[in-house]
Amino acid sequence: MSDNNQSAISFDGEDRSNQVRAGILATEPVAIRTFTPSQLVISHSAGAYHWTPEGRKLADFTSGVLVANLGHNPTSWWNRVIKYLGLEKIKDAGQFTSSAPLTAYNAITEVEHDANERLIRNLRSAPGGEKLDQVLWSASGSEAVQKALWAAMRQTKGRDMIIATRGGFHGKKGLAGAITGSENDKERDDRVRFISFPMEECDDLESRKQPIDLSKYKAELESLWEELGERICCVVTEPYLGGGGSYHPQKEYLQLLDSFCVEHDLVFILDEIQSNFGRTGPMYAFTHYGISPDIVLLGKGLGNGVPVSAAVGRSDVFASLGFGEGSDTWSANPLSSAAVLATLDEFASGNVIEQGEQLARIIEAGLIRLKETGVIAKVRGEGCVWGIECAALGGTSSDDVAVACVEACYLGDDDGNAIHLLGALAGNVLRVSPPLTMDPDELQFYLEVMYKLFSKVAATLGA
Ligand SMILES: Cc1ncc(COP(=O)(O)O)c(C=O)c1O
């Protein structure tokens, strides 16, 4: 098997998958795909599982990068999407079928109207969501980030400086890229200044339980205020560093940022694109962190797989943008609106949140046990979003151990039990984030499979 991302990866006995992998490599730049040593080819998916063209089944521990919170293709969800589009089923209706249009640019649909009302009501009923009263739709997370920042920067002339938290991930494009990472990355935008995120204080479950000393973070904020003062318009952060390696801070840190914004009349933007819709436990992470953002950014799980994102926030902030300044071809398209309504319905009518909480306990215990294998050094996370940091083993670096683990899970055990993992975040961190609807016994079973596979990796690399 090739070990670099420029040549086609192939596995024995996977003729169709290998053909697809090679074809994709020939017809797409590698830039479109993050590197994974498995390059899983998915033929179809249902619930918490994917199948390869060869018929191999893999448990999905990624939810498609935290998107399919309800699992893949839930039947009741699809039925609701179809119903919201006004399409009970596709009958033989002649050349065209009558339903909501799939694009309504320069027009308004009722499904968009209903999605706005439902989403705002849902957010405002969550403790801390009281300030959120308008929705600015987009198709991707980074567009939502961009639009929220535009609105904050335009609100008051001369106030266009952004404070972001170092090590975050908000996307790759435009201002979303500018607030990602740190000042040490190339091509920085000089309107962005970074403050520290307490990574050391929450680098493992145990350290996160310790009280946090906020004085360093307060001093950084005060020093920026002294330097820039009224030029600052907003503070933007994530509830936890997701792409940055799964660092879930003590809630007092986020509360400090929130109160700094209140004190100085700044817009507090919380990027919940990963965490929304039950990922960290409650529907929105801001409720259990005890904060009240002015704008919340939503995406990923918001449409359970249909591309949709949103900045939901204060109408007085969004009023800084005029007609068309936050619009694009796909913003508020009816398919997205129908998907959001269907996803909200599933959360309202089922026990998704409760099941997610049950899974959280199983994941926590299972991942802590993985430390026994010697492969995992640190465990971080909450709800159904966890990061496990690999250890260096023998002469193998922790980054290479992470790659070996992803590959071992892809190939599976002798009985054909395999797991799809995201890999790796920030070099050596493996993400464990199954759908919230996975069967608890099956989750337990696959964590056991992971334990055995990691023990094998340890025996091979540690020897
Ligand atoms: C917290 C966060 N914000 C923003 C984004 C960007 O979203 P998108 O890739 O849809 O542009 C991501 C993507 O992973 C994310 O995790």
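Below are the figures for this structure:
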read-out	value
Pairs where the first residue, in segment 11-32, is on the phi < 0 side of the Ramachandran plot and surrounded by 14 or more Cβ atoms within 10 Å (Cβ to Cβ) and the second is hydroxyl-bearing (Ser, Thr, Tyr) and in a helix (DSSP H, G or I), C-beta under 9 Å, 6+ apart	Phe11/Ser17; Phe11/Tyr410
Residues located in segment 43-67, provided they are assigned to a helix (DSSP H, G or I) and not aliphatic (A, V, I, L, M)	Ser63, Gly64
Residue count, segment 301-355 (criterion: hydrophobic (A, V, I, L, M, F, W, C), within 16 Å of the ligand (Cβ to nearest atom) and under 14 Å from Ala139 (Cβ atoms))	8
Per-region count, segment 40-73, residues more than 22 Å from Gly387 (Cβ to Cβ), touching a helix residue (DSSP H, G or I) at 6+ places or on another chain (Cβ under 7 Å) and of a type outside the set (A, V, I, L, M, F, W, C)	3
Strands (runs of 3 or more DSSP E) wholly inside segment 188-272 containing at least 1 residues that are closer than 16 Å to Tyr289 by Cβ	232-237, 267-271
Odd one out for Ala338, checked against (1) buried (at least 23 other Cβ atoms within 10 Å of the Cβ); (2) out of contact with any Pro (no Cβ under 9 Å at 6 or more places or on another chain); (3) farther than 30 Å from Ile108 by Cα	(3)
Residue list for segment 253-275, restricted to those being more than 29 Å from Thr156 (Cα to Cα) and of a type outside the set (Gly, Ala, Ser)	Gln274
Val317 vs. criteria out of contact with any Lys or Arg (no Cβ under 6 Å at 6 or more places or on another chain), part of a strand (DSSP E or B) and closer than 30 Å to Arg154 by Cα	no
Filter pass, Ala365 being surrounded by fewer than 19 Cβ atoms within 10 Å (Cβ to Cβ) and in a helix (DSSP H, G or I)	yes
Test result for Ile120, more than 16 Å from the ligand (Cβ to nearest atom), in the same structural domain as Asp265 (by TED's automatic domain parsing) and either closer than 26 Å to Lys251 by Cβ or in contact with a Lys or Arg (Cβ under 6 Å, 6 or more places away or on another chain) (or both)	yes
Conditions (1) modelled with pLDDT of 95 or more; (2) surrounded by fewer than 24 Cβ atoms within 10 Å (Cβ to Cβ); (3) in contact with a Gly (Cβ under 6 Å, 6 or more places away or on another chain): number failed by Pro435	(2)
Pick from segment 125-146, criterion within 12 Å of the ligand (Cβ to nearest atom) and under 11 Å from Ser309 (Cα atoms), ranking: nearest to the chain's Cα centre (by Cα)	Gly141
Residue that is farthest from Leu359 (Cα to Cα) [pool: residues in segment 267-300 that are free of Cβ contacts under 8 Å to residues at least 60 places away in the same chain and either within 13 Å of the ligand (Cβ to nearest atom) or among the hydrophobic types (A, V, I, L, M, F, W, C) (or both)]	Phe268
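Results for (1) surrounded by fewer than 20 Cβ atoms within 10 Å (Cβ to Cβ); (2) aliphatic (A, V, I, L, M), shown as yes or no for each residue.
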| residue | (1), (2) |
| --- | --- |
| Phe35 | yes, no |
| Ala46 | yes, yes |
| Pro53 | yes, no |
| Ala59 | no, yes |
| Val65 | yes, yes |
| Pro74 | no, no |
| Lys83 | yes, no |
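Rundown of residues vs (1) in contact with a Leu (Cβ under 9 Å, 6 or more places away or on another chain); (2) within 16 Å of the ligand (Cβ to nearest atom); (3) closer than 26 Å to Thr62 by Cα, yes/no style:
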| residue | (1), (2), (3) |
| --- | --- |
| Arg188 | no, no, no |
| Met199 | yes, yes, yes |
| Asp203 | no, no, yes |
| Leu214 | yes, no, no |
| Glu226 | no, no, no |
| Arg231 | no, no, no |
| Gly245 | yes, yes, yes |
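The values are calculated or read from the model by the stated rules, or taken from the named source; none is laboratory data. Worth saying up front: this structure is predicted, and the values here are computed from it rather than measured. As a convention, Cβ positions derive from the backbone with ideal geometry for all residues, glycine included, and neighbour counts pool all protein chains shown.
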